[in-house]
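Let me begin by presenting the structure, written as structure tokens, before commenting on it.
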Amino acid sequence: MDIAAFYGWGHFAVAAAYLVIANRCWVARRHGGAMAPGPLVAILLPLAVLGHGVLVFHDVFGSGDLRFGFAQALSATFLAACALLWVEGFFVALGALYALMTPMAAVAVLLPLLFHGVALVGEGSSLALRIHLCVSVLAYSLFTIAALHSVLMTSIDRHLRQPQRDTPQSFGALLSQMPPLLALESLLFRQLLAGFLLLTASLGTGIAFSEELFGRPLRFDHKTLFAVLAWCLFAALLLGRYAFGWRGRVAQRWLFTGFLMLLLAYIGSRFVFEVVLGRGWA
């Protein structure tokens with residue numbers, strides 16, 4: 001078996017591991033238990049994350065040059081998100097989130113097999129660019145988890161207000177296994193603060209050292225515009241939270257709008273350029 005086939009099957013193996021984790025969580029709930037990670041999940045999740053990390057490294061650096069695109073960015077984002085979820089699970093009961101996050105990670109890990117990204121032959125050798133991309137991906141990951149937490153918090157609130165609409169096999173069965181709303185809210189804003197600091201570092205280095213990172217002076221294009229808009233929205237959200245006590249629907253509207261701007265800043269625009277328009281790095 002050649003190296004390409006080995007890594008190809010590796011993508012399917014990691015995707016299968018993620019799906020097994022999701023299945024085990026749902027099976028435990030169907031049998032009347034909690035969605036707490038069992039022994040198999042406790043072993044499989046770190047192994048899946050480790051394998052996913054090896055695959056992301058190969059997808060991005062395996063050809064010798066740096067190769068990056070929306071599929072690699074999405075795969076790396078869910079890698080970091082699952083790794084962070086695994087760490088958070090030691091402090092907060094997040095078994096139900098495993099059932100939601102891991103199927104999306106299974107899809108994301110397969111995307112680089114279909115979309116190979118764009119080779120950055122010259123600037124890809126820059127250590128500064130590699131660090132910049134890592135910081136950016138971590139920021140994306142934290143905001144992705146935060147957005148998912150916010151969706152779940154909204155669903156939990158509705159479930160608590162109108163539980164009679166749910167059957168034992170419905171989505172309400174999953175919601176009943178989530179931590180209390182106050183614990184989720186506290187975790188949500190810690191994630192937002194950490195993500196905001198990383199986004200600030202990513203934007204700051206990208207603006208200040210654009211020529212060293214990308215081999216060209218800073219261009220105020222659509223990516224820069226959406227990234228700055230996202231930064232402003234998250235800054236306003238955190239200010240509103242800690243200065244005025246924003247929470248609930250007000251905070252969620254700011255979060256989702258900022259997350260949408262962040263998606264449009266890179267992953268969304270890269271998808272349009274690479275898949276829809278068939279163009280390279282822009």
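Within the stretch 125-162, the residues that satisfy the criterion of being among the charged types (D, E, K, R), out of contact with any Lys or Arg (no Cβ under 9 Å at 6 or more places or on another chain) and either crowded, with 19+ Cβ neighbours inside 10 Å or more than 30 Å from Thr205 (Cβ to Cβ) (or both) are Asp157, Arg161. Filtering the stretch 164-175 for residues that are at pLDDT 75 or above, assigned to a helix (DSSP H, G or I) and open to solvent by less than 30 Å² (accessible area, probe 1.4 Å) leaves an empty set.
Selection of the stretch 86-104 for residues being more than 10 Å from the chain's Cα centre (by Cα) and part of a helix (DSSP H, G or I) yields Trp86, Val87, Glu88, Gly95, Ala96, Leu97, Tyr98, Ala99, Leu100, Thr102, Pro103.
Within the stretch 236-250, track down each residue that is assigned to a helix (DSSP H, G or I) and surrounded by 15 or more Cβ atoms within 10 Å (Cβ to Cβ). Matches in the stretch 236-250: Leu237, Leu238, Gly240, Arg241. Contact map, the stretch 238-254: residues that are of a type in the set (A, V, I, L, M, F, W, C) paired with residues that are not in a helix (DSSP H, G or I), Cβ distance under 8 Å, separation 6+ or inter-chain. Pairs shown: Trp254/Trp246.
Pairs linking a residue in the stretch 19-36 that is modelled with pLDDT of 65 or more and among the charged types (D, E, K, R) to a residue that is in a helix (DSSP H, G or I) and open to solvent by 30 Å² or more (accessible area, probe 1.4 Å), with Cβ atoms under 9 Å and 6 or more positions apart or on different chains, are Arg24/Leu40; Arg24/Leu44.
For the condition modelled with pLDDT of 85 or more, open to solvent by 20 Å² or more (accessible area, probe 1.4 Å) and within 16 Å of the chain's Cα centre (by Cα), Val107 qualifies.
The values are calculated or read from the model by the stated rules, or taken from the named source; none is laboratory data. Since this is a predicted model, take the numbers as computed values, not measurements. Backbone-built Cβ (ideal geometry, glycine too); neighbour counts: all protein chains shown. Accessible surface is based on the protein model in full, side chains and every heavy atom, while ligands, DNA and RNA are left aside. Shrake-Rupley method; radii C 1.70, N 1.55, O 1.52, S 1.80 Å.
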